[in-house]
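Only one structure is covered here, and it is reproduced in the block below.
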Amino acid sequence: MTLILTIAWTHIRHRTRQTMVAIAGVITGVGFSIMMAAMMEGSQNDFIKTLVDALPHISVTDELREPTRQPANIVYRAAEFHGLTPKARRPGIKNPMAIIASLQTWIPGALTASVQSKAVLRYARRNLTISIVGIDPRTEVGVSNLSTHMRQGTLSSLYRASNAILLGDRLANKIGARVNSNVTLVSAEGAVMTARVVGTFHSGFRITDETTGYVLLKTAQILEMQTGIVNEIRVRTSDPMNARLISERIGEQTGYKSISWQESQEDLLSTITLRNVLMYTIVGAILLVASFGTYNIISTITHEKTRDIAILKSLGFNNKTILSIFIVEAGLVGLVGALLGWGFGYFLTWGVALLEFKTPFSDDTHLPVLYSIKHYLLATGVALASSLIAGYFPARTAARLHPVDIIRGAT
Amino acid sequence: MTPLIEARGVTKILEGVVPVTLVKDINLAIMQREFIAITGPSGSGKSSLLYLLGLLDLPTIGDVLIDGRSTNLMTEDECAEVRLSRIGFVFQFHFLLPEFSITENVALPMRALGRLSSRAATLRAEELLISFGLRDHLRKTPDQLSGGQRQRVAVARALANDPPVILADEPTGSLDSLATAQVFGILRDLVTLRGKTVVAVTHDINLAVQMHRRIHVVDGKLAQFESPASVASIPQA
Ligand SMILES: Nc1ncnc2c1ncn2[C@@H]1O[C@H](COP(=O)(O)OP(=O)(O)O)[C@@H](O)[C@H]1O
Ligand SMILES: [Mg+2]
């Protein structure tokens with residue numbers, strides 16, 4: 001082995017310029033791959049984090065998992081009726097507090113009851129349909145980041161007036177409402193009430209900030225005209241990645257429809273997968289191009305060294321040894337390039353992270369990057385593998401060379 | 001006694017549009033401690049014969065036996081192993097590796113064989129070179145030496161793994177008379193002092209007559225096969 005290394009090292013040491021060019025190719029490839037991966041995964045993580053922060057990890061709603069069976073279908077095995085009015089089901093989750101208490105025993109995380117409702121908001125002769133969410137400020141804190149998103153007022157401000165409401169900042173701006181303005185709410189059920197604006201929030205999600213108002217559970221129940229109704233239980237799991245599994249168990253236990261954030265954001269998540277496929281394709285292409293440099297130098301050396309190879313083979317070096325010499329050379333170029341590429345990649349990532357950039361998903365003004373050893377190892381692996389493959393072909397040609405052909409030609 | 005190298009009906013034909021016969025039906029046995037000259041006109045097939053005897057090339061017909069072992073059935077790697085350990089080759093042009101010092105050049109075959117540590121290989125290489133009068137040049141690369149010095153390095157390298165036989169293709173062909181005398185002296189000493197067998201192609205009749213036996217090649221065939229007594233009858237090459 002040391003013999004192979006000695007010869008390999010001597011070959012590349014005597015071709016400084018070519019070796020440097022080849023190594024520079026690998027450095028560039030590895031460096032940019034690392035930077036791209038850091039950027040892609042950084043923005044992806046940032047995006048998911050914002051998403052996970054903004055959404056309930058699991059939402060249990062009053063819809064049943066199976067549609068309600070109509071009386072006719074229960075009585076008759078096979079029946080088709082026309083013109084029947086379906087039996088109305090009383091909306092809301094039955095016994096919400098009992099369900100929450102029982103879920104709380106095994107779910108790692110926090111739960112809160114809420115009421116989802118729609119209402120028309122009237123203010124200064126403008127009518128806007130908005131989502132009304134009835135919340136319990138004491139448990140809401142554990143489930144959403146609403147309390148941290150408050151611009152004016154706090155969650156407890158909801159207790160300040162008999163009908164208090166927190167508005168999204170964009171919504172408040174749109175209608176010109178301020179803290180202490182009185183707005184009128186008209187619910188779909190026909191309830192009309194005057195509510196006082198006691199605060200504003202900014203979640204960073206445009207839709208939410210433009211169309212949502214938070215009220216107390218009790219207030220929302222009045223709008224729904226049903227005392228004690230709760231039509232959504234929201235859950236924040238300690239590990240958001242477990243949400244899907246926990247959600248399934250909740251569904252089985254309660255019989256209500258339970259949706260994890262992964263399911264509700266399926267489209268976005270599949271876009272991320274597509275993005276990753278794209279990224280790895282590009283990174284792969286970069287590294288492949290970098291390996292052309294390696295191919296070039298190994299192939300040049302084997303051509304220049306044809307005579308030396310013939311000499312070594314005539315002395316009795318076997319094919320495997322000759323092959324190993326050039327593969328080791330390719331490996332050295334790949335390895336040195338990859339290791340220096342680590343530094344370059346780290347530097348590029350650091351530089352990119354300094355860039356001022358407005359991302360559409362959060363209010364952060366810097367490009368989010370992720371430093372992960374995984375990216376470094378992956379880039380090294382691919383760079384090494386492609387260098388070795390690039391070196392293999394010229395090396396094999398060299399190893400198969402017939403020494404007499406060269407020696408005859410030389411004498 | 002088993003010959004070190006034996007050729008049995010060896011013919012080499014180069015395939016091509018016009019096939020070329022390099023050597024034809026050669027029968028030859030090379031014994032221990034022989035000092036043999038291969039002579040013949042230019043292009044008669046001397047080098048080709050030497051390559052076949054040294055397993056650098058494979059016969060089209062016939063067989064070459066090393067220590068009585070047929071090489072026809074050997075794999076490429078086995079042939080390489082035999083070349084490495086049993087045969088030393090010296091070419092007309094030194095064929096040293098330009099990027100390595102002469103000590104490294106001589107140590108290479110030892111390290112390839114792997115019987116010696118790299119330290120021991122270097123020591124032995126230095127010993128060999130010193131014994132050939134190259135004490136002052138051990139760290140030099142081949143291009144810093146004269147032709148005669150390089151050829152002495154080439155002989156040292158051929159001896160690296162202490163093979164019983166040295167095959168030399170016009171080892172003095174490109175040397176002046178002084179260098180020729182030195183290199184020839186070394187080859188002769190290998191036979192007389194170290195008990196090696198040396199087979200050397202040469203055009204130099206003055207050298208050929210000093211050797212034990214001459215093999216004359218004409219048109220790829222053995223023309224004469226005489227004893228030391230008939231030295232006078234050697235045709236001029
Ligand atoms: N690669 C080759 N293709 C065709 N003919 C060749 C080749 N190599 C050698 N020859 C021919 O084979 C003959 C023998 O060559 P060689 O063994 O080198 O002779 P010598 O060493 O006695 O001068 C010569 O006539 C030469 O021209
Ligand atoms: Mg010749």
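The values are calculated or read from the model by the stated rules, or taken from the named source; none is laboratory data. From a predicted model like this one, the values you see are computed outputs, not experimental measurements. Backbone-built Cβ (ideal geometry, glycine too); neighbour counts: all protein chains shown. SASA here: full protein model, heavy atoms, side chains in, ligands and nucleic acids out. Shrake-Rupley method; radii C 1.70, N 1.55, O 1.52, S 1.80 Å.
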Inset, instruction - Tell me which residues, restricted to the stretch B:70-99, are touching a Leu at 6+ places or on another chain (Cβ under 7 Å) and either in a loop (DSSP other than H, G, I, E, B) or over 27 Å from B:K46 (Cα atoms) (or both). - result: B:T71
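Conditions (1) closer than 16 Å to A:A24 by Cβ; (2) aliphatic (A, V, I, L, M), marked per residue:
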| position | (1), (2) |
| --- | --- |
| A:A290 | yes, yes |
| A:T294 | yes, no |
| A:I301 | no, yes |
| A:I309 | no, yes |
| A:K313 | no, no |
| A:N319 | no, no |
| A:L323 | no, yes |
| A:Y346 | no, no |
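When the stretch A:377-411 is examined, which residues are found to be charged (D, E, K, R) and closer than 27 Å to B:E170 by Cβ? Explain how you work it out, then say what you get.
If we filter the stretch A:377-411 for residues that are charged (D, E, K, R), which is where we start, we get A:396, A:400, A:405, A:408.
Passing the criteria: A:D405, A:R408.
Taking B:I38, is it away from ligand 1 (no atom under 16 Å from the Cβ) and of a type in the set (A, V, I, L, M)?
Values: away from ligand 1 (no atom under 16 Å from the Cβ): no; of a type in the set (A, V, I, L, M): yes.
No, not satisfied.
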Inset, instruction - Looking only at the stretch A:175-201, count how many residues are surrounded by 16 or more Cβ atoms within 10 Å (Cβ to Cβ), out of contact with any Ser or Thr (no Cβ under 8 Å at 6 or more places or on another chain) and not hydrophobic (A, V, I, L, M, F, W, C). - result: 2
Legend entry - In the stretch B:171-187, residue nearest to ligand 1 (Cβ to nearest atom) [restricted to those that are under 15 Å from the mean Cα position of the chain (by Cα) and closer than 17 Å to B:T39 by Cα]: B:G173
Inset, instruction - Search the stretch B:43-62 for residues being away from ligand 1 (no atom under 12 Å from the Cβ) and more than 15 Å from B:L4 (Cα to Cα), and hand back the single one that is nearest to the other protein chains (Cβ to nearest Cβ). - result: B:L58
Legend entry - Hits in the stretch B:93-126 - residues which are under 19 Å from the mean Cα position of the chain (by Cα) and of a type in the set (F, W, Y): B:F93, B:F95
Inset, instruction - Please specify each residue of the stretch B:114-130 satisfying the condition of being facing chain A (nearest Cβ under 10 Å) and buried (at least 22 other Cβ atoms within 10 Å of the Cβ). - result: B:A121
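Being more than 13 Å from every other protein chain (Cβ to nearest Cβ) and among the charged types (D, E, K, R) is the filter; apply it to the stretch B:63-80 and report the residue that is least open to solvent (accessible area, probe 1.4 Å).
Initially, the stretch B:63-80 is screened for residues more than 13 Å from every other protein chain (Cβ to nearest Cβ), giving B:63-65, B:67-73.
In the following step, the residues that additionally are among the charged types (D, E, K, R) were identified as B:63, B:67, B:69.
Values: B:D63: 27, B:D67: 68, B:R69: 125 Å².
Taking the candidates together, the pick is B:D63.
Which of the following residues is away from ligand 2 (no atom under 16 Å from the Cβ) and either over 30 Å from A:T10 (Cα atoms) or not in a helix (DSSP H, G or I) (or both): B:I130, B:I186?
Details: B:I130 fails: either over 30 Å from A:T10 (Cα atoms) or not in a helix (DSSP H, G or I) (or both).
Of the residues listed, the single one that is away from ligand 2 (no atom under 16 Å from the Cβ) and either over 30 Å from A:T10 (Cα atoms) or not in a helix (DSSP H, G or I) (or both) is B:I186.
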Legend entry - From the options A:A310, A:A290, residue that is more than 14 Å from chain B (Cβ to nearest Cβ) and crowded, with 19+ Cβ neighbours inside 10 Å: A:A290
Inset, instruction - Within the stretch A:372-405, track down each residue that is open to solvent by 50 Å² or more (accessible area, probe 1.4 Å) and either within 16 Å of ligand 1 (Cβ to nearest atom) or touching an Asp or Glu at 6+ places or on another chain (Cβ under 7 Å) (or both). - result: A:H402, A:D405
Legend entry - Extreme residue, nearest to ligand 2 (Cβ to nearest atom), among residues of the stretch B:37-65 that are in contact with a Pro (Cβ under 9 Å, 6 or more places away or on another chain) and assigned to a strand (DSSP E or B): B:T39
Inset, instruction - Would you check if there is a residue in the stretch A:389-411 being within 16 Å of ligand 2 (Cβ to nearest atom) and either at pLDDT 90 or above or of a type in the set (S, T, Y) (or both)? - result: yes
Inset, instruction - Take the residues in the stretch A:96-123 that are within 17 Å of A:N231 (Cβ to Cβ) and over 32 Å from the mean Cα position of the chain (by Cα), then tell me which one is surrounded by the fewest Cβ atoms within 10 Å (Cβ to Cβ). - result: A:A98
Legend entry - B:T21 being more than 10 Å from ligand 1 (Cβ to nearest atom) and among the hydroxyl-bearing types (S, T, Y): no
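Out of B:R83, B:R111, report the one residue that is surrounded by 17 or more Cβ atoms within 10 Å (Cβ to Cβ), modelled with pLDDT under 95, within 11 Å of another protein chain (Cβ to nearest Cβ) and under 21 Å from B:V191 (Cβ atoms).
Working: B:R111 fails: under 21 Å from B:V191 (Cβ atoms).
Step by step, each of B:R83, B:R111 is checked, and only B:R83 is surrounded by 17 or more Cβ atoms within 10 Å (Cβ to Cβ), modelled with pLDDT under 95, within 11 Å of another protein chain (Cβ to nearest Cβ) and under 21 Å from B:V191 (Cβ atoms).
Just to check your reading of the model, which residue among B:A112, B:A121, B:A107, B:A125 is touching a Gly at 6+ places or on another chain (Cβ under 9 Å), away from ligand 2 (no atom under 16 Å from the Cβ) and over 21 Å from B:V217 (Cβ atoms)? Walk me through how you get there before you give the answer.
Values: B:A121 fails: touching a Gly at 6+ places or on another chain (Cβ under 9 Å); B:A107 fails: touching a Gly at 6+ places or on another chain (Cβ under 9 Å); B:A125 fails: touching a Gly at 6+ places or on another chain (Cβ under 9 Å).
After ruling out the rest, the residue left standing is B:A112.
Being in contact with a Lys or Arg (Cβ under 8 Å, 6 or more places away or on another chain), under 18 Å from B:Q149 (Cα atoms), buried (at least 20 other Cβ atoms within 10 Å of the Cβ) and modelled with pLDDT of 90 or more narrows it down to one of B:V201, B:V217, B:V183, so name that one. Let's see the steps before the verdict.
On the way: B:V201 fails: under 18 Å from B:Q149 (Cα atoms); B:V217 fails: under 18 Å from B:Q149 (Cα atoms).
B:V183 is the lone residue from the list that is in contact with a Lys or Arg (Cβ under 8 Å, 6 or more places away or on another chain), under 18 Å from B:Q149 (Cα atoms), buried (at least 20 other Cβ atoms within 10 Å of the Cβ) and modelled with pLDDT of 90 or more.
Does B:T11 satisfy the condition of being within 14 Å of chain A (Cβ to nearest Cβ) and under 24 Å from A:K313 (Cβ atoms)? Lay out the reasoning, then the answer.
Working: within 14 Å of chain A (Cβ to nearest Cβ): no; under 24 Å from A:K313 (Cβ atoms): yes.
Taking the combined requirement at face value, the residue does not satisfy it.
Output the residue which, of all residues in the stretch B:163-180 that are away from ligand 2 (no atom under 16 Å from the Cβ) and more than 14 Å from chain A (Cβ to nearest Cβ), is most open to solvent (accessible area, probe 1.4 Å). Steps first, please.
The initial filter retains those residues of the stretch B:163-180 that are away from ligand 2 (no atom under 16 Å from the Cβ), namely B:163-166, B:176-180.
From what is left, the residues that are more than 14 Å from chain A (Cβ to nearest Cβ) are B:164, B:176-180.
Details: B:P164: 32, B:D176: 101, B:S177: 99, B:L178: 123, B:A179: 11, B:T180: 15 Å².
Checking each candidate, the answer is B:L178.
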Legend entry - Failed condition for B:L97, given (1) open to solvent by 40 Å² or more (accessible area, probe 1.4 Å); (2) aliphatic (A, V, I, L, M); (3) within 13 Å of chain A (Cβ to nearest Cβ): (1)
Legend entry - Test: B:R33 is part of a strand (DSSP E or B) and either within 13 Å of ligand 1 (Cβ to nearest atom) or open to solvent by 70 Å² or more (accessible area, probe 1.4 Å) (or both): no
